[in-house]
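Taking it in order: structure first as structure tokens, then the write-up.
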Amino acid sequence: MSCDHSLVERYLFEYLESTLEPSLARAFEQSIDRCEHCRDLYHGAVNMQQMDKTWHEQTPPNWHRTAFVARSRQSKHVNWMNRLSLATSTLAIMLVLFRVEFISNDSGFSVSFGGKGSQSEIASIVEQKVSQLAEQQAEYIDTRFENQKLDRVSENQEMVKALLAHNRSERRQDMNVLMASWLQQRDSDQQKFNKRLDYVVDNQIENNQYLNQVLKTSH
Amino acid sequence: MLFKEEDSQLISKALDGSERAWVKLVRRYEKRVFNYCLRLTGSANDAMDLMQEVFLAVYRNLPSFQGNSQLLTWIFRIAANKSTDWLRSKHRVPTHEADPIDVNHKVDSKTPQLELQTEQSNNEIMRCLSELPDNQRIIVELKFFQHFTFDEIAMQTGISPNTVKTRLYAALKKLKGHLEVKHVM
């Protein structure tokens, strides 16, 4: 009967610790009896357990347990010093790059950037900057005024256009009203004329009839 | 649980710079680590070197210890890595000769006769273990002498639990043959 060794490999340590269920333990023992591989594993494990029990614990000799603790602290100190020196170097380079000068004068202590500078030079630079700013502001104001004027002209034009359009529409309405009344008047005059004409024609017809009658009677 | 709490307290104190707490931690585990290193290297001098490397790594990595596992498991994870590196770098079979490194150093035995028996017994065990390849030897050590579970050994050695078992069973097969020869002699 072939053995796949799974039982022994799975429950080897439970069997050694005597925590395996009785039925599984019996199957385990049968596997050990029948299979050489399983038996080898079991005996190897038993021997290793025996080695563990027979091993005599050795006490380590005295040694400097805090040696690397001290070394580590020293390295931290070195790191701090390195950082300080790096910061100092960076500051020095920045001072050189920006040409920073510390000048003591009558009024006390002054710091200047960008090379040799005095109070008068700084004042002239400030004055120049202020005048440039004033020119820019004046130009800006002029531009704004011109824009304002243009805006007003265009607004006036718009207003005139609107007035003219309004006037034209009023005129158009007046003309329409006038034309309507004129046409109405014409119609009424035409009707009156037609009535008069009818009246004249009727009179003429009556006159003719009368004349005919008179002529007939005269004959 | 009590030990774990004490470990965590000692760790926090050691991280705050307390050398006394660090020494307490080292004293608590150094014997197990030293014997582990001794069985793996077969030499007391090499075991001392390796143990110091382990505790140096423990000290350096102590801030990253999360407390997810027991400190002992974590220390032996470092020990497994360090011993693997050591065995690999040395490219040599352990000397399996326990060198006397300190004249004043005494083993735990009482009498000279018992001391001799102890030395012979330990030397025999180291000789047996030296027959194994490095990767199998570390797993046998962690399983039978340190009594870690397969999952813990897998975590410590960085391989799967199945590979751990395979290596362990291969080692047992090999050791069984060696022990048979020894018993015949």
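Since every read-out is calculated from the coordinates, none of them should be taken as a lab result. Values in this document were obtained by computation on a predicted structure and should not be read as measured data. Note that each Cβ is placed from the backbone with ideal geometry, even for glycine, and that neighbours are counted across all protein chains shown.
Some values worked out for this structure:
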| read-out | value |
| --- | --- |
| Per-peptide average of other Cβ atoms within 10 Å, ordering A:165-174, A:44-53 highest first | A:44-53, A:165-174 |
| Cα-projected label distance for A:Thr54 with B:Asn81, points at 7 Å along beta-carbon direction, nm | 3.6 |
| Extension gain, A:Asn105 back to A:Thr88 (0.36 nm per residue minus Cα-Cα distance, nm) | 3.5 nm |
| Helix-only [θ]222 nm of chain A, DSSP H runs n ≥ 4, -39500 (n - 2.57) each, per residue, nearest 500 | -29000 deg cm²/dmol |
| Residue mean of other protein chain beta carbons inside 10 Å, B:161-171 | 2 |
| Distant-in-sequence amide H partners of B:Glu131 (H built 1.01 Å from N, under 5 Å) | none |
| Highest to lowest packing among A:133-143, B:56-66, B:130-140, B:149-159, scored as the average C-beta count within 10 Å | B:130-140, B:149-159, B:56-66, A:133-143 |
| Charge dipole of chain A about the Cα centre (unit charges at C-beta), most positive-ward option of A:Met51, A:Phe193, A:Leu7 | A:Phe193 |
| Mean Cα-pair separation over length for region A:6-54, i.e. relative contact order, pairs under 8 Å, 6 or more apart, % | 38 |
| Inter-chain shielding of A:35-48 (mean C-beta neighbours from other protein chains, 10 Å cut-off) | 5 |
| Total charge dipole magnitude, region A:133-192, about the Cα centre, Cβ charges on Lys, Arg, Asp, Glu only, Debye to nearest 20 | 540 |
| Neighbour-count ranking [beta-carbon atoms within 10 angstrom, fewest first] of A:Leu7, B:Leu172 | A:Leu7, B:Leu172 |
| Cβ-derived FRET efficiency at R0 30 Å, A:Thr66 paired with B:Ser8, nearest 0.05 | 0.90 |
| Region A:118-191: C-alpha gyration tensor shape, a/c 1.5 cut-off, then a/b vs b/c | prolate |
| Label-point gap, in nm, between B:Ser89 and A:Glu155 - each point 7 angstrom along Cα→Cβ | 8.8 |
| Rg/Rg_ref, the protein assembly as shown, where Rg_ref = 2.2 N^0.38 Å and atoms are Cα | 2.65 |
| Shape call, region A:6-54: gyration tensor on alpha carbons, a/c limit 1.5 | oblate |
| Unit charges on C-beta of K, R, D, E only; dipole of region A:156-219, Debye | 140 |
| Positive-end extreme of charge dipole, chain A - chosen from A:Phe145, A:Leu91, A:Tyr42 (charges on Cβ) | A:Phe145 |
| Magnitude of the charge dipole, region A:6-54, Cβ model with Lys/Arg +1 and Asp/Glu -1, debye to 20 | 60 |
| Flagged links, alpha-carbon separation over 30 Å, of B:Lys82/B:Lys165; B:Lys13/B:Lys90; A:Lys53/B:Lys173; B:Lys13/B:Lys165; B:Lys31/B:Lys174 | B:Lys13/B:Lys90; B:Lys13/B:Lys165 |
| Pairwise FRET efficiency - B:Ser160 versus B:Leu62, Cβ, R0 = 41 Å, nearest 0.05 | 0.90 |
| Over chain A, relative contact order from alpha-carbon pairs under 8 Å, at least 6 apart, % | 8 |
| 5 angstrom amide H check on A:Ile103, placed H, neighbours 5+ away | A:Ser110, A:Val111, A:Ser112 |
| Cβ-based exposure ranking for B:Asp7, A:Asp4, B:Asp49, B:Asp16, in which fewest neighbours within 10 Å come first | B:Asp16, A:Asp4, B:Asp49, B:Asp7 |
| Estimated distance in nm for a label pair at B:Arg127 and A:Arg172, the labels positioned 7 Å out from Cα along Cα-to-Cβ | 12.8 |
| By average C-beta atoms within 10 angstrom, highest first, the peptides B:70-78, A:30-38 | B:70-78, A:30-38 |
| Three-way shape label, chain A, alpha-carbon gyration tensor, a/c 1.5 | oblate |
